[in-house]
Amino acid sequence: MNVKEQYAAVAADVVATCKRVGRAPEEVTVVAVSKTVGPDEVADAIAGGARNFGENRPDQLMLKADLFTDSTWHFIGNIQSRRIRDIVGRAALIHSLFEERHARKIDEIAREHGIVQDVLLEVNVSGEESKSGLAPADVRAMLEACSELPNLRVCGLMTMAPLGDMETARASFSGLRELRDELQADYPDLTELSMGMTDDWPIAIEEGATIVRIGRAIFQ
Ligand SMILES: *Cc1c(COP(=O)(O)O)cnc(C)c1O
């Protein structure tokens with residue numbers, strides 16, 4: 001299969017999985033993670049129906065988001081202070097915020113642009129040393145800090161499952177959902193759950209994902 005067919009197949013699988021678990025397919029957005037490919041493959045995915053794309057490097061986000069302005073771009077990578085200016089506004093949603101100083105800078109640049117930047121807080125649910133993100137116990141304090149920033153809106157939470165078996169992945173996805181549910185009483189904007197990649201997205205949808213980030217299944 002080519003990229004166009006692979007995207008269409010993944011999208012159909014996502015719809016089928018939603019139906020199997022009793023969820024409305026419109027509740028789940030597929031972000032095609034195009035970080036390993038160039039503009040030609042992005043165009044192929046668009047031909048297959050892709051509307052949302054994810055990048056983890058500011059340079060690639062700038063290149064592709066500026067070429068494909070009708071698509072919705074997501075920043076899913078490590079945030080560096082000096083590159084925040086390149087991300088704000090270009091990315092409709094930043095998935096990977098976990099530092100307060102970055103939140104303040106995003107807010108400041110969004111204010112210059114006259115926009116409100118949507119973000120997700122990255123949470124290290126599994127507690128693995130090698131993973132970035134907030135400890136679950138620190139998410140509430142971060143939400144409180146972010147609530148003081150008028151040009152930043154926290155729309156939900158994001159996590160990466162640890163490597164390992166599917167039950168390990170499920171535990172971190174259900175952990176993220178429970179955390180979201182618990183915080184939603186005080187933070188009603190917290191609706192999104194960005195979780196699930198090529199190897200584990202069906203489990204993420206079973207556990208309540210509203211955004212799945214899929215790279216290899218589409219682009220390899
Ligand atoms: C690369 C990447 C993905 C996609 O991973 P695949 O296994 O290729 O589907 C999802 N999320 C993040 C944060 C990534 O860096």
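Things to note:
- Net length gained if the chain between Ala137 and Ile115 were fully extended (0.36 nm per residue, minus Cα distance): 4.9 nm
- Added length on full extension, which subtracts the Cα-Cα distance from 0.36 nm per residue, Asn78 to Glu99: 6.5 nm
- Charge context of Ala50, other residues only, Cβ under 13 angstrom, K/R +1, D/E -1: 0
- Counting 0.36 nm for each residue step from Ala43 to Ala9 and taking away their Cα separation leaves a gain of 10.6 nm.
- Choice from Ala65, Ala91, Ala141 with maximal GNM fluctuation in the chain (Cα, 10 Å cutoff): Ala141
- Shape box of the stretch 14-128 [Cα atoms, principal axes, largest first, Å]: 42, 36, 30
- Cα-based values for the chain, radius of gyration first and Dmax second, are 16.6, 48 Å.
- Taking the alpha carbon gyration tensor of the stretch 73-204, multiplying each eigenvalue by 5 and rooting it gives semi-axes of 25, 16, 13 Å, largest first.
- For peptides 153-161, 15-23, sequence by mean Cβ density within 10 Å, most packed first: 153-161, 15-23
- Residue order, fewest to most surrounding Cβ atoms within 10 angstrom, among Ile203, Ile115, Ile94: Ile115, Ile203, Ile94
- Summary of the geometry: the stretch 21-90 and the stretch 162-214, compared by the centres of their Cα atoms, lie 20 Å apart.
Read-outs throughout are calculated quantities, based only on the coordinates presented, and are distinct from any laboratory measurement. The shown structure was predicted, so the numbers you read here are calculated from the model rather than taken from an experiment. FYI the Cβ positions are ideal-geometry reconstructions off the backbone, even for glycines, and counts take in every protein chain you see.
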